[in-house]
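To start, the structure itself, in C-alpha cells.
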Amino acid sequence: MPSSAARWDVTLDDLRGALARGELVFYFQPKVSMVLGTLCGAEALIRWRRGDGSIVPPAAFIPLAESSGFITEITLGMLDELVADLAILHAVDRGLVVSFNASARDFEERRLVDSLVRLLDGGLLPAGGVEVELTESAVLAAGPPLVERLDVLRKRGVSLAMDDFGTGYSSIDTLSRLPFTTLKVDQGIVGRMQESAKDATIVESSIRLAHCLGLDIVAEGIETEAVFLRLQAAGCSVGQGFWMGRPMPLDDLVALLRSGRRWPAGAIGLVHMAMLDHLEWRKALVDALLSAEPGGNPPPPDAFSRFDIEPTECRLGRWYKGPAKELAGIAAFAELEEPHDALHACGKRIVSASLRGVRFHDLVSEMRDLTRHSTRIIGLLQELEHAVLERLADGERARSGQQREARASAAAAPR
Ligand code: C2E
Ligand code: MG
Ligand code: MG
C-alpha cells in the first residue's frame, strides 16, 4: 500500500500554495474529563482542505513540512486561526483548554515563542486556555534552547504536554528535564490495553507516574467504552479518542459543546490514587526514620528532606485541594481534612524528635498515634469509595430504566 504522503503526492510548492490560499484549517478532537464525564478541551489538528473540497490528512504533509523546515511557517501561519477559533470556542465555554501541536523545529528559533508571548501579552490568547503538545521524538531531537523557550511559555502559564508518551526512548529522562505539565499516553499502547496485560500495566503505571510527578494525564486513542472505563478506573483524568469523538470542523465542536453531551463520569480512580498516596506518605516517614538510625548518631538535618511534612505539600493534600474538589459534596470528603491535619501534626512531632536524636524505639507511642489518624483516613477514603460506587450504581440504574422506557415506547408506537 502506498504511504499516505505518496498517495497524495504533495510537494513543498503545493504546501506553500495551500498556506498562502488559507487552505490549511484546524479540525478539533474533543477531550473529555473522565471524572465529570463532560467535554473539557480539544486538540487542534491540522487539515488541508483543498479547493475541490477534499481533505488531506496531516500524515500526507507534516513529515515533508518537518524535514524541509517549512513546518515553522505553517505553525506561525496558523496562529491567527488558532486565536480566532479559540475565541469562538471560549464564547461558548470559557473553561475549555485547546491544545495545538508544535514540532521541535518550531523552537529552534525564537519566532514561535515571541509570537505566542505577544498574543498572551495582548490578551488574544488566554494562558490558561491553551496548551502546546510536543511529540517525544521531537523533544529528543532538540537541544538546550528548547528547554529555555519552553520555560518562557511555562512561566506565562501555558501548559505543555508531552505527546505520544511511551513511544521512542528516554522518555522518562526527557520528562525530568523539561517543564511539562501534562503527559499524553500514546494511542498505540492505549489501543492494545484490552489484548495485552503488559500494555495495560504500562498504561496504568504511566498514569500513576504522572500523578506522582504532579502532571495532568491524558490518554489518547480511546476507541471503545471498555477502554474508557478501564482508564477511568486507573485514575486517568482526561481522555481523547474516536469513542468520544473524531477530529471535527470547528462548527461541529461548537454544536457538541452546546448539546451538553455527557460520557460516563467516575471518580473511583481518583479515590484509589489517594489511598496509594497516603500509604506511600506513611512509608516515606518510616523509611526516613529508619535511615536516620545507623550507628545511633543523630540524623543529618536533611534526613527528612524528601518527606512532605506540611499537609498542603503532600500528594494527598494537593489531591484534596486540586482534582478531588469534584468530590466536595460527599460527607466523607469533608471529614478527611481533620484527621489529615492531625496526621501531619503527629508526623511533625516525630520528625522533630528524631532530629533531636530521639531513637526510633522511643517513638513507638507517637507512631501509634500516627497509625490511629492513618486508619481513620483510610476508613474515610473507603467511605468515599462507597459513595462513588453508589453514584455509579444510581447512574447505571437510571440509564437502564431509560433504555427500558425507550424500548417500551418504541414497541407501543403505531406502525
Ligand atoms: P497527534 O498529535 O498524536 O494526534 C492524534 C492523532 O490520533 C490524530 O490524527 C487523531 O485523529 C488520531 N486519533 C485520535 N483518536 C484516535 C483513536 O481513537 N483511534 C485512532 N486510530 N486514532 C485516533 P491526525 O489528526 O491524523 O494527526 C496525526 C499527527 O499529525 C498528530 O498526532 C500530530 O503529530 C501531527 N499533527 C496534526 N496537526 C498538526 C499541527 O498542527 N502541527 C504539527 N506540527 N503536527 C500536527
Ligand atoms: Mg497531539
Ligand atoms: Mg499523540
Query raised in the report: Which residues, counting only those in segment 38-61, are within 25 Å of THR182 (Cβ to Cβ), of a type in the set (Val, Ile, Thr) and surrounded by fewer than 18 Cβ atoms within 10 Å (Cβ to Cβ)?
Result: THR38
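Criterion first (surrounded by 14 or more Cβ atoms within 10 Å (Cβ to Cβ), away from ligand 2 (no atom under 15 Å from the Cβ) and either of a type outside the set (S, T, N, Q) or at pLDDT 90 or above (or both)) does LEU183 satisfy it?
No: the conditions fail for LEU183.
Out of curiosity, is GLU310 touching a Ser or Thr at 6+ places or on another chain (Cβ under 9 Å), farther than 15 Å from CYS212 by Cα and of a type in the set (D, E, K, R)?
On the way: touching a Ser or Thr at 6+ places or on another chain (Cβ under 9 Å): no; farther than 15 Å from CYS212 by Cα: yes; of a type in the set (D, E, K, R): yes.
So GLU310 fails the test.
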Query raised in the report: When segment 31-68 is examined, which residues are found to be under 14 Å from THR11 (Cβ atoms) and within 16 Å of ligand 3 (Cβ to nearest atom)?
Result: PRO63
**Report entry** Subset of segment 186-216 (residues that are within 16 Å of ligand 1 (Cβ to nearest atom), in a helix (DSSP H, G or I) and aliphatic (A, V, I, L, M))
**Finding:** ILE189, VAL190, VAL203
Report summary line: By residue number, the members of segment 186-206 that are more than 13 Å from ligand 3 (Cβ to nearest atom), crowded, with 23+ Cβ neighbours inside 10 Å and under 17 Å from the mean Cα position of the chain (by Cα) are VAL203, SER206
Requested in this report: Determine if segment 303-323 includes at least one residue that is assigned to a helix (DSSP H, G or I), crowded, with 19+ Cβ neighbours inside 10 Å and modelled with pLDDT under 90.
Outcome: yes
Query raised in the report: In this structure, does ASP80 turn out to be acidic (Asp, Glu), surrounded by fewer than 18 Cβ atoms within 10 Å (Cβ to Cβ), more than 16 Å from ligand 2 (Cβ to nearest atom) and under 25 Å from ARG156 (Cβ atoms)?
Result: yes
Report task. Only residues that are more than 30 Å from GLU326 (Cβ to Cβ), of a type in the set (Asp, Glu) and within 16 Å of ligand 2 (Cβ to nearest atom): list them for segment 29-75, please. Result -> GLU66
Query raised in the report: among the aliphatic types (A, V, I, L, M), without any contact (Cβ under 8 Å) to a residue 12 or more places away in the chain and either buried (at least 23 other Cβ atoms within 10 Å of the Cβ) or more than 16 Å from ligand 3 (Cβ to nearest atom) (or both) - does that describe any residue in segment 223-230?
Result: no
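Here is a yes/no grid of residues against (1) modelled with pLDDT of 95 or more; (2) small (Gly, Ala, Ser):
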| residue | (1), (2) |
| --- | --- |
| GLY53 | no, yes |
| ILE62 | no, no |
| GLY69 | no, yes |
| THR75 | yes, no |
| ARG105 | no, no |
| GLU109 | no, no |
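For segment 163-185, what are the residues that are under 11 Å from the mean Cα position of the chain (by Cα), within 16 Å of ligand 1 (Cβ to nearest atom) and not in a strand (DSSP E or B)?
PHE180
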Query raised in the report: In segment 374-389, is there at least one residue being without any contact (Cβ under 8 Å) to a residue 12 or more places away in the chain, assigned to a helix (DSSP H, G or I) and over 40 Å from the mean Cα position of the chain (by Cα)?
Result: no
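The values are calculated or read from the model by the stated rules, or taken from the named source; none is laboratory data. None of these values were measured; they are calculated from a predicted model. Quick reminder, even Gly has a Cβ in these numbers, built from the backbone with ideal geometry, and neighbours come from all protein chains shown.
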